[in-house]
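Notes for the one structure printed next.
Read the figures in this text as sums done on the coordinates, not as results from a lab. All of these numbers come straight from a predicted model, not from anything done at the bench. Positions of Cβ are generated from backbone atoms using ideal geometry, with glycine treated the same way; all protein chains shown enter the neighbour counts.
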Amino acid sequence: MSIQGLPKDKTEMADDYNERGISFFNLRKYPEAIQNFTKAIKIVSSDPDYYHNRGLAYYSMKMLDNAVKDYRKAVEIIPDNADYHNALGAALEDSANLDGAMESFTKAIELEGDVPDYYYNRGNVLWKQGKHEEALSDYSKAVELNSTDQVFVYKRYLSYVELERYEDALADIDTAINLAPGSSFYVAHKVKLLMRMNRKDDAKALLDAYGKNQELDETLSGLLEELS
């Protein structure tokens, strides 16, 4: 890659440091990654990917203020990159700046409206804000765009439970179980939901059937005792 107005050797050197940074990042050697991304930025300060990459390394180290600063710089250089806005939203959310996170995730969706993770991320912010109907809408969009991700389905299930839409919740937890066969986590949620729906016999039958194929873990054993 060559940056307009800069000598080719400088851009190549910056790219080399950036690639080294990526290699260190992939090895989870984040301080070394940051050092190399910083060297790339010192040579070429106008490439947003360098800031974005360093922001990812800072974020991985929970250095959120630095991550936000780098993501903002990437957005400043190229405002129409949805990934940059999404990354900024994640760092702002983890910094407890939910309004800022909402703004960033919404911008990412405006720029690229077919990425399920963007809706899922905004749904999580709405959930934290107590806006469960709106969160449900975003989780549903994420599921619509990728119905094979059990995490999206699970979060929509939680929204349905919160809104007391139990039949819808039951359908989603069944889907999550089908997507992750043998998962005691989702089975436990289904048992608890059935109990909430006063379907204790069905809950007991589910545990009995599950126990024939796998040993009940501590959570499921506790639920079985509660039902006995």
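Taken one residue at a time, the phi angles of the stretch 175-188 give Karplus couplings (6.51, -1.76, 1.60, θ = phi - 60°) of 4, 4, 5, 5, 6, 10, x, x, 6, 5, 4, 6, 4, 4 Hz. Gly and Pro are set to x. Between the helical axis of 82-94 and the longest alpha-carbon principal axis of the chain there is an angle of about 60 degrees.
Exposure proxy ranking for S159, S184, based on other Cβ atoms within 10 angstrom of each Cβ and starting from the fewest, stands as S184, S159. Dividing the mean sequence gap of close Cα pairs (under 8 Å, 6+ apart) by how many residues the chain holds gives a relative contact order of 8 percent. Here the extension length gained between A171 and Q35 equals 44.1 nm, from 0.36 nm per residue of separation less the Cα-Cα distance. Angle, helix 132-145 long axis vs. longest principal axis of the chain, Cα atoms, 0 to 90°, nearest 10? So the inclination is approximately 80 degrees. In this label model, I78 and E164 are separated by 4.9 nm, measuring between points 7 Å along each Cα→Cβ vector. For the stretch 144-228, which GluC sites (Glu not before Pro) are both in a DSSP coil and crowded by at most 15 other Cβ atoms within 10 Å? Those that pass, being in a loop and sparsely packed, are E164, E215. What the Cβ-Cβ distance of K10 and E112 gives, at R0 = 35 Å and to the nearest 0.05, is a FRET efficiency of 0.65. For the pair E144 and D201, label points projected 7 Å from Cα toward Cβ lie 3.9 nm apart. Stretched out straight at 0.36 nm per residue, the stretch from E19 to K42 would grow longer than its current Cα-Cα span by 6.8 nm.
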